[in-house]
Amino acid sequence: MSRTRTALLAAMALVAGATGTAFAVDPGAAGVAAVPCTVDYKIQNQWSTGFTAAVTITNNSAAKSSWSLKWSYAGNQTVASGWNAKLSQSGAAVTAANETYNAQLATGGSVSFGFQGSYSGSNAVPATFTLDGVTCNVDDGGPGGPTDPPDPGGPSNRVNNPYEGAKVYVNPEWSANAAAEPGGSRVANQPTGVWLDRIAAINGAGGKMGLRAHLDEALRQKGSGELVVQFVIYNLPGRDCSALASNGELKADEIGRYKTDYIDPIKAILADPKYASLRIVTTVEIDSLPNLVTNTGSRPTAVPQCDVMKANGNYVKGVGYALNKLGDVPNVYNYVDAGHHGWIGWDDNFGPTATIMKEAATAEGATVNDVHGFITNTANYSALKENNFTINDTVAGKSVRESKWVDWNRYLDELSYAQAFRNQLVSAGFNSNIGMLIDTSRNGWGGAARPTGPGATTSVDTYVDGGRYDRRFNAGNWCNQSGAGLGERPRTAPATGIDAYVWMKPPGESDGSSKAIPNDEGKGFDRMCDPTYTGNPRNNNNMSGALPDAPVSGHWFSAQFRQLMQNAYPPLS
């Protein structure tokens, strides 16, 4: 932005503060470029402790089927009742989202809403407004505007698929571990996610790189092109209520600490203008929201700690807060974890999970516009595509759905599940252009055990078990699975509705220890990581299928990495 343009906006802001109105820039004014949106914020009436305000948004960009306006107060203003918009406030941050009857906002169209608020001291007009993440009342460097190019990662440059036309960050720490293994150099250049699984990881713990160090390295790798860097946001209070191996450092009621000590520092670093040219993908809170559906109440899979988290609402609040704060950074793309087909694919899980995700995406000031998409199969092993049978097959008078493996699930694999769940999420109220990611880091299931065709038709079980690529005892098994292999290498836009196949879970990093190991990371011991464990209702009381001698979650597991390479599909050359 040019200095003269900055000065003009600053002068306008001063006038606005004096009059109680935030003036919209006239896109037709001489020397002023068209702006993507304008906001007219007027204080209509004001008294000693309260005020009413009227807000008009004008959209100068592509037509919208829904909208969300955000601003922050410099003082202690509090929004009370409103009309013609759904208003929410978290601290100083306010979000106004459309009602159903005014969701459509055409190019050149306007929409108005109002509210009553309270204050003490001063009642300054907000300085900045963003509509769906794009800053209003500021030019985008278009025709007739300043000659300076817009910020490469600025609000007007957020793209539909961040992976399109971009390289993806290779974590040098993971790459070094992979390269040190025999044959590991074949995959050591693959991009993987960086897990921020405790507060100490933000600044670096145990000699590892912190968030800023990764972002600085990402800038180096970026060069003059586009680059995606992937982070896993993973530290909810009472984290992963159904799996002890990935329990975290924050207790069930420490939602305040999650916000102030974890999310806020991450947001501050990601928002540093130094990193504005990066496309930052955040995978938000693995294994959280689905637990509130499948492992609570009177279900046989219920876990007391999951009931606690459903009752206190801190999973919903935490995810909402993370989406709201991180979504304010214009070059951040939030993807929410959506479980996997072997967890959510049943009728009584499918719809309710989408519903609770919508609840979280509209909590703590967040809106659906803070969600760019969803990710499935994170750190899991579900096959990408089962080719040897279909869900509609019938064998010996029985549907494939009646087999012990499928167990009445409607989906056989991750690709069909991800595409169907995307449609369900749109029906639940998410934007129609959301994209899906699928973690293919460990779902290849290649090697000598990979079937080349369907099983015998003597029974539906021999047919399914003889043909399925996924060789687990049960689709509920999740810890360090024996026989697994590297899956599809990361690539962009591989199928309809899928933004990318990714390796969000770095292959070779353990899911959990096979026996209790003291540690200072808050990570417990889960019997599902013990190869001698005979199971529980969540895996239909099958053997765990876990590899022996595993370290605590997140630590390098050489034996697993070597097996993943050996069983890779497509095979490694």
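The values are calculated or read from the model by the stated rules, or taken from the named source; none is laboratory data. Just so you know, these numbers come straight off a predicted model, no measurement behind them. For neighbour counting, all protein chains shown are included, and Cβ atoms are generated from backbone atoms with ideal geometry for every residue, glycine included. In case anyone asks, the SASA skips ligands and DNA or RNA and just uses the protein heavy atoms, side chains included. Shrake-Rupley method; radii C 1.70, N 1.55, O 1.52, S 1.80 Å.
Observations on the model:
- Qualifying residue in the range 444-455 (condition: under 30 Å from K358 (Cβ atoms) and within 26 Å of the chain's Cα centre (by Cα)): no
- Among the residues of the range 408-447, the one identified as charged (D, E, K, R), assigned to a helix (DSSP H, G or I) and open to solvent by 30 Å² or more (accessible area, probe 1.4 Å) is R422.
- Applying the condition of being in contact with a Lys or Arg (Cβ under 6 Å, 6 or more places away or on another chain) and among the hydrophobic types (A, V, I, L, M, F, W, C) to the range 406-444 and asking which residue is nearest to V284 (Cα to Cα) yields M436.
- When each of G524, G497, G483, G487 is tested for being within 26 Å of G238 (Cα to Cα) and not hydrophobic (A, V, I, L, M, F, W, C), the lone residue that passes is G524.
- Condition met for V79 (of a type in the set (V, I, T), at pLDDT below 50, touching a strand residue (DSSP E or B) at 6+ places or on another chain (Cβ under 7 Å) and buried (at least 17 other Cβ atoms within 10 Å of the Cβ)): no
- Subset of the range 93-133 that is among the small types (G, A, S) and either open to solvent by less than 40 Å² (accessible area, probe 1.4 Å) or within 24 Å of the chain's Cα centre (by Cα) (or both) - its residue that is farthest from S68 (Cα to Cα): G117
- G318 meets the conditions (1) modelled with pLDDT of 95 or more; (2) open to solvent by 10 Å² or more (accessible area, probe 1.4 Å); (3) assigned to a helix (DSSP H, G or I); (4) not aliphatic (A, V, I, L, M) in every case but one. The failed one is (2).
- Within the range 554-573, residues that are under 19 Å from M504 (Cα atoms) and without any contact (Cβ under 8 Å) to a residue 60 or more places away in the chain sit with their Cβ atoms under 7 Å from residues that are among the polar types (S, T, N, Q) and open to solvent by less than 40 Å² (accessible area, probe 1.4 Å), at 6+ positions apart or across chains, in these pairs: H555/S510.
- Complete set of residues in the range 525-573 that are part of a helix (DSSP H, G or I), closer than 19 Å to L486 by Cα and polar (S, T, N, Q): S558, Q560, Q563, Q566
- The range 79-120, residues that are hydrophobic (A, V, I, L, M, F, W, C) and in a loop (DSSP other than H, G, I, E, B): A85, A92, A103, A106
- Filtered residue count, the range 506-524, keeping only those that are within 24 Å of G485 (Cα to Cα), part of a loop (DSSP other than H, G, I, E, B) and under 30 Å from the mean Cα position of the chain (by Cα): 8
- Residue match in the range 403-420 (condition: more than 29 Å from the chain's Cα centre (by Cα), at pLDDT 95 or above, of a type in the set (G, A, S) and closer than 15 Å to N388 by Cα): yes
- Candidates in the range 341-378 are the residues that are more than 14 Å from the chain's Cα centre (by Cα) and in a loop (DSSP other than H, G, I, E, B); of these, the one that is surrounded by the most Cβ atoms within 10 Å (Cβ to Cβ) is G345.
- For the range 461-477, the tally of residues that are open to solvent by 10 Å² or more (accessible area, probe 1.4 Å) and over 23 Å from W503 (Cα atoms) stands at 6.
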